[in-house]
Amino acid sequence: MKKKKELSKFRRFLFIIVIPFALAFSIVLIIISLKGGNVFEDTKQYAAQIPFIANVVSTTGTTDPDMNENQDTIIEQKATIADLEAKIENQQAEVDDHIATIAKQEDQINELEAELNNLNVKKNDEKKDDLIVSPYENMTAKNAAAIMQKMDDDYVIDILASMEMEKRAAVLEKMEPKSAAEFTQLLAEEFNGE
């Protein structure tokens with residue numbers, strides 16, 4: 001029974017004094033915080049004025065030299081990163097310019113290659129003409145005329161157009177008059193068509 005009385009006194013003390021005090025203290029802290037006051041900072045300042053507690057509580061906050069060094073290092077690294085990003089942007093712009101220049105040069109190379117191919121085709125055509133025309137120029141006019149009268153008109157016109165004028169006149173002179181007239185007319189059309 002004695003234990004029950006002691007337990008009930010403790011409960012009374014707890015319910016009558018401790019819990020209401022804790023509740024009232026919490027309400028006061030909430031009200032002060034809502035009004036914009038910083039209760040914990042103010043408490044630190046008052047505690048710093050009490051002689052023995054002042055050594056334990058510091059109002060300036062904890063300043064760790066390693067923390068300050070780390071913050072300085074972070075600031076320096078952020079500045080370095082910003083510089084490197086700017087350099088990257090500049091170099092990217094240079095790369096883009098070089099790519100554009102390369103594209104233009106590739107276009108010029110393609111144009112020059114096409115022009116070279118055209119010149120090579122013309123040169124090859126001239127060589128073919130020389131290879132075809134040369135034997136007829138070296139023949140006698142009579143033999144050349146006899147062969148040409150038996151060939152397709154298009155080939156004859158190509159050969160006659162590539163011959164020198166004197167040789168062409170000699171070959172036409174040795175042809176039958178009707179064939180010579182036809183080839184002369186076709187040659188005139190060929191030369192006027194160019």
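Structure data summary
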item: Sites residue 121 and residue 90 - FRET efficiency at Förster radius 41 Å, r taken between beta-carbons, to 0.05; result: 0.30
item: With all protein chains modelled, accessible area of residue 179 [1.4 Å, Å²]; result: 20
item: Answer label, with mean projected area of the Cα convex hull in nm² calculated from the coordinates and candidates (1) 20.3; (2) 35.5; (3) 9.4; result: (2)
item: Area of residue 178 that stays accessible when all protein chains are in place (1.4 Å probe, Å², to 10); result: 150
item: Kyte-Doolittle mean at least 0.5, axial Cα span of 20 Å or more - DSSP H helices of the chain; result: 19-34
item: Computed accessible area, residue 80, all protein chains, 1.4 angstrom probe, square angstrom; result: 70
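The values are calculated or read from the model by the stated rules, or taken from the named source; none is laboratory data. Bear in mind that the values here come from a model prediction, so they are computed numbers and not experimental data. As a convention, Cβ positions derive from the backbone with ideal geometry for all residues, glycine included, and neighbour counts pool all protein chains shown. For the accessible areas, the whole protein counts, side chains as well, though only heavy atoms, and no ligand, DNA or RNA atoms are used. Shrake-Rupley method; radii C 1.70, N 1.55, O 1.52, S 1.80 Å.
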